[in-house]
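Presented below is the structure to which this report refers.
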There are 2 protein chains.
Amino acid sequence: MVHPSGPVDPVQLGAYFALVEVTSLLRHAIEQQLQAAGDLSFVQFQVLSRLDRHSATGSHRMTDLADAIVHSRSGLTYQAGLLEKRGLVTRAPTAGDERGITVTITDAGRALLAQVMPGHVEVVSNLLFEPLARDSAEALAALLEPVRDHMRSAPPRSAQSRRRRSARPGGA
Amino acid sequence: MVHPSGPVDPVQLGAYFALVEVTSLLRHAIEQQLQAAGDLSFVQFQVLSRLDRHSATGSHRMTDLADAIVHSRSGLTYQAGLLEKRGLVTRAPTAGDERGITVTITDAGRALLAQVMPGHVEVVSNLLFEPLARDSAEALAALLEPVRDHMRSAPPRSAQSRRRRSARPGGA
DNA sequence: TATTGTTATACTCTATAACTATA
DNA sequence: TATAGTTATAGAGTATAACAATA
């Protein structure tokens, strides 16, 4: 067995491994369901549900959306293109900033989301929440939300790639 | 906003979204680190660390490994091939079952793991555990481990694909 | 000059189905 | 006949770098 430099807290390690495993299994099941129920990849589902629940307008700017989903901007362009082709979102110039593009979910997009949702909720309920009591779900949320906020406090991906671009190599 | 058929528990929804977000952010950071520190993908890292900590022999059969990591068997063959090419694992027939292949981590594999581990632990510590008190890590493990066991109680992927193969279509 | 978004490109990964060999 | 693993193949997805347009 490899023994890393510092003594690793076995409790933390257990939590981490459980998280990885749970996530892999859950994600695989979710992907199956989304594909079968609406021919959607998980990323596409994330885009649509972000737009759906984010605002009254159901809109987002491209970069914000990419950061929200932890995607490269070019990757999001690709996915948004697919969704647009299917009529699930529209893209239009952002008012007030001619550089920007605002993505908006369409009625068809909301309809597809509604079609896919019940099965989605069922998978998540069966796999993730069945073995958890109600207050355990509460506890899980209470644990993970601060973690998310902590992770989000770092600069987003879009900023990072730009920084790399701007940074002069060998700059002393 | 789309309203799915049943009333969805907002607490559960919050926990689920937080889980997805935390996982995406964490995984992206981990992949960066593993790539930089040892030219390893996350899946390859999972294979190696499974082998490393699974047993005294550091061995596993292909199908078991695939199931453990939630991979198709052919996908694992591909990854194992890459690892073998780099001398990080070996593949040899399983004793007692001529059909099987046993994968074993090599000294070079363990060395690479040791090389990559400190940075890996650091990323996980900084991102996941920094905002969590010690007993919160314990609580997280206590919540997720039963969930993992529950998910693992379903038949593994290898069994599923074989079942599909065997099932007669339109069989009444 | 920096930022927004797209495009061109190259590549990694993944899965399905067909195949071989053993139980 | 069912299982273990590989292979061939094809497709989906992702990112990097270069680019055009606006701030």
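The values are calculated or read from the model by the stated rules, or taken from the named source; none is laboratory data. Just so it is clear, the model here is predicted, and its values are computed rather than measured. Cβ coordinates were reconstructed from backbone atoms using ideal geometry, including for glycine residues, and neighbour counts include every protein chain displayed.
Sort out for me the helices (runs of 4 or more DSSP H) sitting completely within segment B:71-168 that have 2 or more residues that are closer than 30 Å to residue A:151 by Cα.
Numbers: elements: B:73-85, B:107-124, B:134-152, B:157-166.
Those helices (runs of 4 or more DSSP H) span B:107-124, B:134-152.
Looking at this structure, is residue A:34 in contact with a strand residue (DSSP E or B) (Cβ under 8 Å, 6 or more places away or on another chain), more than 10 Å from chain B (Cβ to nearest Cβ) and either buried (at least 17 other Cβ atoms within 10 Å of the Cβ) or modelled with pLDDT of 95 or more (or both)?
No: the conditions fail for residue A:34.
List every residue pair whose Cβ atoms sit under 8 Å apart, with the two residues 6 or more apart in sequence or on different chains, where the first one lies in segment A:141-157 and is touching a residue at least 12 places away in the same chain (Cβ under 8 Å) and the second, anywhere, is surrounded by fewer than 21 Cβ atoms within 10 Å (Cβ to Cβ) and assigned to a helix (DSSP H, G or I).
From segment A:141-157, the pairs are A:156/A:67; A:157/A:67; A:157/B:28.
So which residues in segment B:41-61 are touching a Ser or Thr at 6+ places or on another chain (Cβ under 6 Å) and part of a helix (DSSP H, G or I), if there are any at all?
none
Consider residue B:49 carefully, then state whether it is surrounded by fewer than 16 Cβ atoms within 10 Å (Cβ to Cβ) and out of contact with any Leu (no Cβ under 6 Å at 6 or more places or on another chain).
Numbers: surrounded by fewer than 16 Cβ atoms within 10 Å (Cβ to Cβ): no; out of contact with any Leu (no Cβ under 6 Å at 6 or more places or on another chain): yes.
No, not satisfied.
What residue, among those in segment A:73-101 that are near DNA strand C (Cβ under 8 Å from one of its atoms) and touching a helix residue (DSSP H, G or I) at 6+ places or on another chain (Cβ under 8 Å), is farthest from residue A:153 (Cα to Cα)?
Narrowing segment A:73-101 to residues near DNA strand C (Cβ under 8 Å from one of its atoms): A:73-74, A:76-78, A:80-81, A:91, A:94, A:97, A:99-101.
Checking which are touching a helix residue (DSSP H, G or I) at 6+ places or on another chain (Cβ under 8 Å) leaves us with A:73, A:76-77, A:80, A:91, A:100-101.
Numbers: A:73: 19, A:76: 22, A:77: 25, A:80: 26, A:91: 28, A:100: 24, A:101: 25 Å.
Applying the filter and picking the extreme gives A:91.
Output the number of residues of segment B:37-78 satisfying the condition of being modelled with pLDDT of 95 or more, out of contact with any strand residue (DSSP E or B) (no Cβ under 8 Å at 6 or more places or on another chain) and of a type outside the set (A, V, I, L, M, F, W, C).
15
I'd like to verify a number: residues in segment B:103-135 that are touching a helix residue (DSSP H, G or I) at 6+ places or on another chain (Cβ under 6 Å) and without any contact (Cβ under 8 Å) to a residue 24 or more places away in the chain, how many?
Residues meeting the conditions: 2.
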